[in-house]
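The values are calculated or read from the model by the stated rules, or taken from the named source; none is laboratory data. All of these numbers come straight from a predicted model, not from anything done at the bench. Note: ideal-geometry Cβ built from the backbone for every residue, glycine included; neighbour counts use all protein chains shown. Just so you know, the surface numbers come from the protein's heavy atoms only, side chains and all, with ligands and any DNA or RNA stripped out. Shrake-Rupley method; radii C 1.70, N 1.55, O 1.52, S 1.80 Å.
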Amino acid sequence: RFGSKVLAANSLPALLCGMGNGNITMNRRGEFLEISDEDGQVKRVVRGGGDTALVPVKKLFIKLSDVCSVALKAEESDVMFTLENGVEYVLNGLEDAEATYSQFVEFIAAD
């Protein structure tokens, strides 16, 4: 769920993603994006040895040009993204995953 103001493509300062139990905020800082989450719903996906672990992340600061894919899961209310170095993250349990996906893609494509 977004705040009451509409974010134009040329002025994308922040995104507030309504969550099941809390909020994720995304703040664009030039060519970087800071993602903050106090509730552990931003998670790094760690794969190895046939197992997959989801590690909660409180803050994440990434270069937007390093994001090589963004995916909206079909059966869960999640948005996943992958960085060029192969690291994956998931925004887990979103109330409005489609709107979050759309705004995240707009953050990336705004340059």
Single residue of Ser77, Ser69, Ser102 found to be open to solvent by 60 Å² or more (accessible area, probe 1.4 Å) and not acidic (Asp, Glu): Ser102
Tell me which of these Asp39 doesn't satisfy, since it passes every other one: (1) in a strand (DSSP E or B); (2) out of contact with any Lys or Arg (no Cβ under 9 Å at 6 or more places or on another chain); (3) free of Cβ contacts under 8 Å to residues at least 24 places away in the same chain. (1)
Would you confirm, using the coordinates I've provided, whether Val55 is touching a strand residue (DSSP E or B) at 6+ places or on another chain (Cβ under 8 Å), over 18 Å from Arg28 (Cα atoms) and touching a residue at least 12 places away in the same chain (Cβ under 8 Å)? yes
May I ask you to list pairs of residues, at least six apart or on different chains, whose Cβ atoms are under 6 Å apart, with the first in region 68-91 being at pLDDT 95 or above and the second being assigned to a strand (DSSP E or B) and of a type in the set (Lys, Arg)? Tyr89/Arg44; Val90/Lys43
Name, by its number, the condition in (1) surrounded by 14 or more Cβ atoms within 10 Å (Cβ to Cβ); (2) closer than 19 Å to Ile108 by Cα that does not hold for Gln41. (2)
If Ile108 satisfies all but one of (1) out of contact with any Ser or Thr (no Cβ under 6 Å at 6 or more places or on another chain); (2) within 22 Å of Asn23 (Cβ to Cβ); (3) at pLDDT 95 or above, what's the number of the condition it fails? (3)
Within region 84-99, which residues are loosely packed, with under 15 Cβ neighbours inside 10 Å and closer than 22 Å to Arg29 by Cβ? Glu84, Asn85, Val87
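Output yes when any residue across region 17-31 is basic (Lys, Arg), assigned to a loop (DSSP other than H, G, I, E, B) and open to solvent by 50 Å² or more (accessible area, probe 1.4 Å), and no when none is. Give the steps one after another, and end with the answer.
Step one: filter region 17-31 for residues basic (Lys, Arg), giving 28-29.
Retained after the next criterion (residues that are assigned to a loop (DSSP other than H, G, I, E, B)): none.
No; the residues of region 17-31 include none that is basic (Lys, Arg), assigned to a loop (DSSP other than H, G, I, E, B) and open to solvent by 50 Å² or more (accessible area, probe 1.4 Å).
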